[in-house]
Amino acid sequence: MEVKGTAIKTIPEFVKEKFPNEYKRWLDALPVESRSIIDDRISLTNWYPLESALIIPTKFIGEIFFNDIQKGAYELGIFSSNHAIKGVYKMLVMVSSPSFIVNRASTIMSSYYRPCEMEITKRSKDMAVISIINFPKPSIIVDYRILGWIKNTMEFSKFKSPKVEMLKSLGKGDSSTDYLIKWTE
């Protein structure tokens, strides 16, 4: 399983911005393979091994800075969303309907992770459930990072009080990872 460089690039940026005095300690704690990926010039267009490029560095963020792997992954997802949604993209999200954003989720997921399949499994006027149904390397870290990314992205929208929660998790042994997204106009 692989992850795109654009998702990896935000990991060291997160640590440098949020914990600048602890960056070297975090980097030195990483296994050699993960450290060499993070320490190298990360190409935004290259694909990297999911485990060593994203899961392990994020796990160490959770352990070192939050004493909670899930919290670290969630916060990194928020940070990643903030960095992804800038300029024209931010304006597009701000004027788009949540339904439009939800529809784009599966395309966005497959541009970050491969192989990966996400689909909308329920939908109504003010809610949707999007499900990751194909992700060969399940990870609670990836599930929570995506949760933070979706929640933060929905908060940029023009709709009031978007709520996002994870109903099921591949990383916890469920058959899919399901995110419930609710909003009000």
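Output the residue which, of all residues in the stretch 150-185 that are hydroxyl-bearing (Ser, Thr, Tyr) and in contact with a helix residue (DSSP H, G or I) (Cβ under 7 Å, 6 or more places away or on another chain), is farthest from residue 140 (Cα to Cα). Restricting to residues being hydroxyl-bearing (Ser, Thr, Tyr) and in contact with a helix residue (DSSP H, G or I) (Cβ under 7 Å, 6 or more places away or on another chain), the top hit is 157. In the condition set (1) within 14 Å of the chain's Cα centre (by Cα); (2) at pLDDT 90 or above; (3) crowded, with 21+ Cβ neighbours inside 10 Å; (4) of a type outside the set (Lys, Arg), residue 181 is compliant with all but (1).
If the condition is being crowded, with 18+ Cβ neighbours inside 10 Å and either part of a strand (DSSP E or B) or of a type outside the set (Phe, Trp, Tyr) (or both), then the stretch 109-118 contributes 109, 113, 116, 118. Within the stretch 119-150, being touching a residue at least 12 places away in the same chain (Cβ under 8 Å), more than 17 Å from residue 107 (Cα to Cα) and surrounded by fewer than 21 Cβ atoms within 10 Å (Cβ to Cβ) holds for 123, 126, 127, 136, 137, 138, 140. Close contacts from the stretch 1-25, counting a first residue that is surrounded by 20 or more Cβ atoms within 10 Å (Cβ to Cβ) and a second that is in a helix (DSSP H, G or I) and among the hydroxyl-bearing types (Ser, Thr, Tyr), with Cβ to Cβ under 7 Å and a gap of 6+ residues or different chains, come to 3/112; 4/111; 4/112; 7/80; 7/112; 10/80; 11/58; 15/23. The residue that is surrounded by the most Cβ atoms within 10 Å (Cβ to Cβ), among those in the stretch 26-55 that are in contact (Cβ under 8 Å) with a residue 12 or more places away in the chain and touching an Asp or Glu at 6+ places or on another chain (Cβ under 8 Å), is 50.
Answer yes or no as to whether residue 78 is in contact (Cβ under 8 Å) with a residue 12 or more places away in the chain, within 13 Å of residue 141 (Cβ to Cβ), within 18 Å of the chain's Cα centre (by Cα) and crowded, with 17+ Cβ neighbours inside 10 Å. When the stated conditions are applied, residue 78 does not pass them.
The values are calculated or read from the model by the stated rules, or taken from the named source; none is laboratory data. Computed from a predicted structure; not experimentally measured. Don't worry about glycine lacking a Cβ; one is built from the backbone with ideal geometry, like all the others, and counts go over all protein chains shown.
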